[in-house]
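The values are calculated or read from the model by the stated rules, or taken from the named source; none is laboratory data. No experiment lies behind these values; they were computed from the predicted model shown. Cβ: placed from backbone, ideal geometry, glycine included. Neighbour counts: every protein chain shown.
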Amino acid sequence: MQIARIFACMYMLAFLGVVNAAITPPMQVDIPSDFDETTPQADYTRRVVMVPMRDGVKLCTVIVMRKGTQHGPILLTRTPYNARGTTMRNHSQTITEILPISDAVFVNDGYIRVYQDVRGRDGSEGEYVMTRPLRGPLNSTDTDHATDAYDTIDWLVKNVQESNGRVAITGSSYPGFTSLMALIDPHPALKAAVPMSPMVDGWIGDDFYHNGAFRLGGLDYFPAQTGKKSGGNAVAMGERDYYSEYLAAGSAGDFIRCYKLDELPFVRKLMEHTSYDFWWQGQAVDKLLASRTLTVPTLLVVGQWDQEDSYGAPAVYKALDPKAHDLVSLVIGPWRHSGVNYDGTTLGALRFKGDTALEFRRDVMKPFLDRYLKDGAEKKPTPHFLAYETGLDRWQEFAGWPVSSATPVYLSADFKVQLAKPAATDAHDDYVSDPAKPVPFVPRPVHIGDRNVWGPWLVSDQRSVADRTDVLTYTGEPLQKTLHIAGQPVVDIWVATSGTDSDFIVKLIDVYPEEMSAQPQLAGYQLPVGIEIFRGRYMDGFDKPRPFKPGKAEHLRFNLPAVNHAFLPGHRLMVQVQSSLFPLYDRNPQTYVANMFEAKPGDYKKATQQVFRSASQPSAVILPVVAD
């Protein structure tokens, strides 16, 4: 019995020793160095690597592909919006669930999807400079987005063994900008590019200014983008009405200083470069590309109602097409900003016949990429100019752009629009613009951060402002036949002001019939086809601001966004003119000040605005009419 008890104790001690050896120590660190959510049953592989650049900085790069992929083309996106998060949108073991929905058509056919954090953002090393300029006068370093794209592609084709060594680059908005920058001194393995809604010129018509008017709506973006290396928050003003909050603050500069946004270097740059000076001109991507020879087939994409970057893609197309007609194409879809990457069946009150975004990705973008990246792919030609014709709900191909004749529609007496040039010798319509009561760009309360407000605002019903006394509204007779326009309408107006500075906003509108039983929600709807602003002080040139002489007529000419639209029989053409669009754009004090950010309360004054409609000073919107 004694011997048995001894053996039993020895057994228990041995057992406890084994158990203790398997127990995790109480102070074991509970966050492992690298935890991968992917399980063995996942249908994909996902690798996170740090890719070295020529200066030693390493960029966080996420590589995703279906298991078993071999000889696959690489589709690259370089982004400031968190590559890790973008490639793990859902904690799933299915590749089409973890990636954006726009990637499905590609990864389902063997594409290797790569996302990379640009230098200085999220998981990447280095220093972040917003829209980092090209090496040269504005950038004395040896690196920029062009070199980083080159070095990234070089690493990918040498180290991703599942690839066929061919790469395309794509992305929307900021990633559209990095896609364009990759075309400057491109890597030989870069075979195609699809820049979507790219940031091209932030002063003339993309994110930050439009024709000299500062976009207040972007102020939430700067602390979110540059306040921290990763993440970041919008302006900390709660869920208040943006209209009342910006109005109470005073000038744009007052609002910036109130919320300490002037501590952000990029905001200071915007406040220092209010005119189209060397800083803006030196980083305008359309000008940079126009000075080089395009060697990479490029498919440019923009939404007809892009509320952030409507200028860039058409500007690049116009800059490149004369020299590289066979390598560059333009697509205009019926989308908001970046809407090409989401569901494209609706936009605000508009309903389309199908998912227009999926149709583009599946039927245009993928065949374009296959042609240049996949062995044995059908060499399907890409249209030089493809645009969705809103109104008739159909895709149209054109041989090039422009495809139309310039047809002026004139503002005339009794607030009409007409094809005939005015005959009056001295005629104008007047309105009083009061900076204390600016015209809201959407009905109040204004919550720019609300996706249901910001995304579709460019198709919002303009009846909300049509009866304001500070908005001139000109309307045509019901159309007897379809009026088809494709291209960029041009505003050509004569104006005067009792002040010394002023903004002028012009809207081209499609007015629906008052009775529409098939679509009652659109009965009487005033659909904006194009809206744009012009800061009057730049009447002599964007780099030559000067004050108005009170009462003196001045000639303004500027473009509306690119469109392909059919005004249907029974619809009417409408043009609206006003002098504020708040708080999308900062208020013009209507007193000339050298820097609008330094405007004082006493500078904000009422002004009487005049829009001329005479034989010698006709005001018109020049339509790019297509003879169908």
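Taking the conditions exactly as written (at pLDDT 95 or above, surrounded by 19 or more Cβ atoms within 10 Å (Cβ to Cβ) and in a loop (DSSP other than H, G, I, E, B)), does R166 satisfy them or not? Spelling it out, it is not the case that R166 is at pLDDT 95 or above, surrounded by 19 or more Cβ atoms within 10 Å (Cβ to Cβ) and in a loop (DSSP other than H, G, I, E, B). With respect to the conditions (1) modelled with pLDDT under 95; (2) in contact with a Lys or Arg (Cβ under 8 Å, 6 or more places away or on another chain); (3) not aliphatic (A, V, I, L, M), S92 lacks only one, and its number is (2).
Table: residues versus (1) among the aliphatic types (A, V, I, L, M); (2) at pLDDT below 95; (3) under 24 Å from I485 (Cβ atoms).
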| residue | (1), (2), (3) |
| --- | --- |
| V302 | yes, no, yes |
| D306 | no, no, yes |
| Y317 | no, no, yes |
| L330 | yes, no, yes |
| G333 | no, no, yes |
| F352 | no, no, yes |
| V364 | yes, no, yes |
| Y372 | no, no, no |
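Report whether or not V235 is under 24 Å from W457 (Cα atoms), β-branched (V, I, T), in a loop (DSSP other than H, G, I, E, B) and out of contact with any Gly (no Cβ under 6 Å at 6 or more places or on another chain). Judged against the criteria, V235 is a match.
Restricted to segment 467-562, the set of strands (runs of 3 or more DSSP E) holding at least 1 residues that are in contact with a Lys or Arg (Cβ under 9 Å, 6 or more places away or on another chain), buried (at least 23 other Cβ atoms within 10 Å of the Cβ) and at pLDDT 95 or above comprises 472-475, 490-497, 503-511, 526-535. Give the residue, chosen from V340, V417, V439, V446, that is closer than 23 Å to P198 by Cβ, in contact (Cβ under 8 Å) with a residue 40 or more places away in the chain and crowded, with 16+ Cβ neighbours inside 10 Å. Going through V340, V417, V439, V446 in turn, the sole match is V340. Just one of (1) aliphatic (A, V, I, L, M); (2) more than 30 Å from R257 (Cβ to Cβ); (3) out of contact with any helix residue (DSSP H, G or I) (no Cβ under 8 Å at 6 or more places or on another chain); (4) touching a residue at least 40 places away in the same chain (Cβ under 8 Å) fails for L556. It is (3).
Every residue, every condition in (1) in contact with a His (Cβ under 6 Å, 6 or more places away or on another chain); (2) surrounded by fewer than 21 Cβ atoms within 10 Å (Cβ to Cβ), yes or no:
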position	(1), (2)
D103	no, no
R121	no, no
S124	no, no
S140	no, yes
Q161	no, yes
G171	no, no
T178	yes, no
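Evaluate the following for F534: is it among the aromatic types (F, W, Y) and either within 26 Å of H273 (Cβ to Cβ) or out of contact with any strand residue (DSSP E or B) (no Cβ under 6 Å at 6 or more places or on another chain) (or both)? Taking the combined requirement at face value, the residue satisfies it. Of all residue pairs spaced 6 or more apart or on separate chains, those with beta-carbon atoms under 8 Å, a first member in segment 46-71 that is assigned by TED's automatic domain parsing to the domain that holds N108 and more than 21 Å from T86 (Cα to Cα) and a second member that is at pLDDT below 95 and not hydroxyl-bearing (S, T, Y) are H71/D375. Looking across V114, V105, V194, V200, one residue alone is in contact (Cβ under 8 Å) with a residue 40 or more places away in the chain and assigned to a loop (DSSP other than H, G, I, E, B). It is V200.
Tell me whether segment 109-124 contains one or more residues that are under 11 Å from M53 (Cβ atoms), more than 25 Å from the chain's Cα centre (by Cα) and not basic (K, R). Scanning segment 109-124, I find no residue that is under 11 Å from M53 (Cβ atoms), more than 25 Å from the chain's Cα centre (by Cα) and not basic (K, R), so the answer is no. Taking the numbered list (1) at pLDDT 95 or above; (2) under 23 Å from the mean Cα position of the chain (by Cα); (3) in the same structural domain as A562 (by TED's automatic domain parsing) in turn, E389 passes all entries but (3). Applying the criterion of being of a type in the set (G, A, S) and surrounded by fewer than 22 Cβ atoms within 10 Å (Cβ to Cβ) to the residues of segment 567-601, the residue that is nearest to the chain's Cα centre (by Cα) is A594. Here segment 387-405 is the region considered, the condition is being of a type in the set (S, T, Y) and touching a Gly at 6+ places or on another chain (Cβ under 8 Å), and the residue that is surrounded by the fewest Cβ atoms within 10 Å (Cβ to Cβ) is S404. Considering segment 132-179, the residues that are of a type in the set (S, T, N, Q) and within 24 Å of the chain's Cα centre (by Cα) include one that is nearest to L373 (Cα to Cα), namely T170. Within segment 351-365, the residues that satisfy the criterion of being in contact with a helix residue (DSSP H, G or I) (Cβ under 7 Å, 6 or more places away or on another chain) and either buried (at least 19 other Cβ atoms within 10 Å of the Cβ) or not assigned by TED's automatic domain parsing to the domain that holds V194 (or both) are A357, F360, R361. When you go through T61, T77 one by one, which is the residue that is of a type in the set (S, T, Y), closer than 23 Å to P367 by Cα and at pLDDT 95 or above? The conditions single out T77. For segment 323-338, the condition of being of a type in the set (S, T, N, Q) and more than 28 Å from R546 (Cα to Cα) holds for at least one residue.
Would a scan of segment 107-129 turn up a residue that is among the hydrophobic types (A, V, I, L, M, F, W, C) and closer than 24 Å to P314 by Cβ? Among the residues of segment 107-129, not one is among the hydrophobic types (A, V, I, L, M, F, W, C) and closer than 24 Å to P314 by Cβ, which makes the answer no. On inspection, A149 qualifies as crowded, with 21+ Cβ neighbours inside 10 Å and either assigned by TED's automatic domain parsing to the domain that holds F368 or assigned to a loop (DSSP other than H, G, I, E, B) (or both).
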